[in-house]
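The structure appears right after this line, and notes come after that.
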Amino acid sequence: MRYFVPCSRGLEYLLAEELLALGATRANAAPSGVNAEGEAESLLRVALWSRFASRALWPLLEFDCMGEDDLYAAVHAIDWRGHLAPEGTLAVSAHVSGPGITHARFAAQRVKDAIVDRLRFDTGIRPSVDLDAPDLRLDLVVRKGRAVLAVDLAGPLHRRGWRQGQGEAPLKETLACAVLARAGWTREALAAAEAMGTPLSLLDPMCGSGTLLVEGALIAADTAPGLLRHGEAPPTRWRGFDLPAWQRLVDEARVRDRRASLAPRFFGIDLDPRIVQQARRNAEAAGVLEAIDFCSGDIADLRRPCEGSGIVACNPPYDERLAADEALYARLGEALQRAVPEWRGALLCGSEALARATRLRARKRYALRNGALDCTLLACETFAPPSQAADEARPLSEGAQMVANRLRKTLKHSARWREREGITCFRAYDADLPEYAAAVDVYAEDGGEARTFLHVQEYAPPASVAEHDARRRFGELLAALREVFQVPKDRIAIKTRARGKGGSKYGRMDERQQAFIVREGAVRLEVNLFDYLDTGLFLDHRPLRLRIASEAKGLRFLNLFCYTGAATVHAAVGGAISTTSVDLSSTYLEWAGRNMALNGQTGPQHRYVKADAMAWLRADRAEYDLIFCDPPTFSNSKDKADFDVQKHHVDLLGAAMRRLAPGGVLLFSNNFRRFRPDLETIAKFAEIEEISPATIDPDFERNPRIHRAWVLYRGRPRDRAGQA
């Protein structure tokens, strides 16, 4: 079965790895969750064992949903007698986006109405609503005209069942487990340390109500979270629930549970004695109190709690109610450097500025969300103080600091858009300060080590700028990038211009063969930032590719000048019945094939054609419903005639339109700044409409002339209103 497991933003990769360990055969990270496949039992394991998932959702129905009538009809068509007793209780939660249904509470009400009406029609008995402990808990998601209705097997999974009380700013148990995992507190690391005779200890010097320590102890004891959450009762009274399979999994979990023999190597300290007492009550309810040494004390008095190796996991105060300040974080960093310099760990900080205030060297930084708050997770390989050389490193120059300030402002401004749309590869800077002339793109690795890379392309400086000034400014830009993004030099791909005969040209590229995978929408794509002038993914065409994904279902798709096939992948994943990708380069066609295979899109319905696009169009006799044409500005080849988009675009579009099926759509785009379409001639064989403004995302708003785009129709479009 296929299912979606939601989680908090920032936990997707941890959850994907966990789902594979729990028996899923496939697990691909998506914004705020993971798309997975596996046997039905793998989802039961999620409900019992997952430490990162927010919910365990058993899919019942997926359907087109353009409005409330579609929603009611689809839900009413189900025979609910197999899911809920007529006299039973239910609760429905909903999450909606898009124009069809705009209010989540209304959507949940319509689902409830449809179920009640159907059961009353079938049995004469009306079920009732119970929001706290229903027999059947349902979850509805409506997005872009598609709806998924699922059974919520266990309610909110972050509620483990041990919490007796909490402090002023509680940490969700799922997020606590993410902090522990990034710190290195995992079952695998603990087992390896035990095998070497060097067991690890866990320290939280600002423990609050003890969430990190309790969850850390439960991980060490191999205790399934569901054992505490549900006790002897099954997690749901849904009639379709496989109770024998659940009971078998619970019995196995009880055998594995080692809380009774847990070694006392957990240490919690907090300034407030009252909250320490609360932490003790929580630990007692979780069955791990005997293993944890709680005490009250000031961070300034921190001492090594025990001999041997250890890990620190800490969630210092940072929200408005707790009035965090950088001085507190500086004292925390100093205390860890002094008390446990050789230990490793992770600190969940309220912001990047607070993380920097600790003056701790980070192995990795992660962006997480704690409720509505954006946080920075600082993962440290060691707390040892920076070396003398690092301490004496020169601070940013005035110019570099100016660039760094602009970068931070831009990133903050775009954060909500990127989070809402799930954007992980984007333009972060585009000569925002004209004297620092470069474009900076961010690429976040999907899976693997979840690394962040930067791609920096220098613009040609004006002739009035001296060469040494241009070099100095570019160096300041790079210094600002390293400061803001905290990435090592080997993850910054730099394309600098070298002056020589014929003007300013890009110098020789690297030959690292260092490809990695990124995500765009529902697809994964291979990029290479170092070996070529371009990366394999034109970020400015993101809206066009996503449009193709949304319109390709059931269509025959043609991609001319396909490059690395990113648009083809979107079409295939979006449901195209066939794809044809044409390019003159064998290298790019092979790259396109790898991208398709990466997304499970293989088979004879996907064709790759090595040919000159113009010549191939004249010879081809097939029809296509959706065509994407993004030609180069100019190209020449020893085997083919030169191509000039301004000179040849009418012939190109005319040939492409002859391959377009009646009612089909052709999307045409190019990056030539001085391009002028011959609209009068084109109008003789196609209806054409410019859509450039709709194809420029916020990260390219500073440079809206990065490309222009048009849509061409042949005959009456299939759904003209939907295309606009």
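Below are the figures for this structure:
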| quantity | calculated |
| --- | --- |
| Relative exposure of Leu218, Leu271, judged by other C-beta atoms within 10 Å (fewest first) | Leu271, Leu218 |
| Of the DSSP H helices in the chain, those whose Cα atoms cover at least 24 Å axially and whose Kyte score averages -1.0 or more | 104-123, 467-485 |
| Cα shape, the chain, gyration tensor, a/c 1.5 rule | oblate |
| Ranked list, fewest to most other Cβ atoms within 10 Å of each Cβ, for Val34, Val276 | Val276, Val34 |
| Compactness of segment 587-661 as Cα Rg over 2.2 N^0.38 Å, two decimals | 1.23 |
| Nearby aspartates and glutamates by direct alpha-carbon distance to Lys172 (threshold 12 angstrom, same-chain neighbours under 8 apart not counted) | Glu215 |
| Cβ crowding within 10 Å averaged over residues, with 541-552, 291-302, 429-440 ranked highest first | 541-552, 429-440, 291-302 |
| Environment charge of Arg524, counting only residues whose C-beta is closer than 14 Å and scoring Lys/Arg +1, Asp/Glu -1 | -1 |
| Length-normalised contact order for segment 143-285 - Cα pairs under 8 Å, 6+ apart - percent | 37 percent |
| Shape call, segment 538-723: gyration tensor on alpha carbons, a/c limit 1.5 | rounded |
| Relative contact order computed over segment 2-152 (Cα-Cα under 8 Å; 6+ residues apart), in percent | 24 percent |
| Semi-axis lengths (Å, descending) of the ellipsoid that matches the C-alpha gyration tensor of segment 398-506 | 26, 16, 13 |
| Extension gain (nm, one decimal) between Leu60 and Thr587, 0.36 nm per residue minus Cα-Cα | 185.4 nm |
| Distance (nanometres) between label positions extended 7 Å along Cα→Cβ at Ala431 and Ala21 | 4.9 nm |
| Under-5 Å amide H pairs with Thr223, H placed in peptide plane, nonlocal only | Arg258 |
| Cβ-Cβ FRET estimate between Thr496 and Leu373, R0 fixed at 45 Å, reported to 0.05 | 0.70 |
| Cα-projected label distance for Ala195 with His648, points at 7 Å along beta-carbon direction, nm | 6.0 nm |
| Pairwise FRET efficiency - Ala260 versus Arg451, Cβ, R0 = 35 Å, nearest 0.05 | 0.30 |
| Rel. contact order, % - alpha carbon contacts under 8 angstrom, at least six apart, the chain | 7 percent |
| Cα gyration tensor category, rounded, prolate or oblate, for segment 231-343 with a/c compared to 1.5 | prolate |
| Formal net charge of residues neighbouring Trp162 (Cβ-Cβ distance under 15 Å; K, R +1; D, E -1) | +4 |
| When each of Lys489/Lys610; Lys409/Lys553; Lys144/Lys412; Lys364/Lys409 is checked by Cα-Cα distance, pairs over 29 Å | Lys489/Lys610; Lys409/Lys553 |
| Helical contribution to [θ] at 222 nm, DSSP H n ≥ 4, -39,500 (n - 2.57), averaged over the chain, rounded to 500 | -10000 deg cm²/dmol |
| Between segment 126-150 and segment 415-488, the alpha-carbon center distance in angstrom | 44 Å |
| Added length on full extension, which subtracts the Cα-Cα distance from 0.36 nm per residue, Gln277 to Arg618 | 114.7 nm |
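Every number here is computed from the coordinates shown, using simple stated rules; none is lab data. Keep in mind it's a predicted model, so treat the numbers as computed, not measured. Don't worry about glycine lacking a Cβ; one is built from the backbone with ideal geometry, like all the others, and counts go over all protein chains shown.
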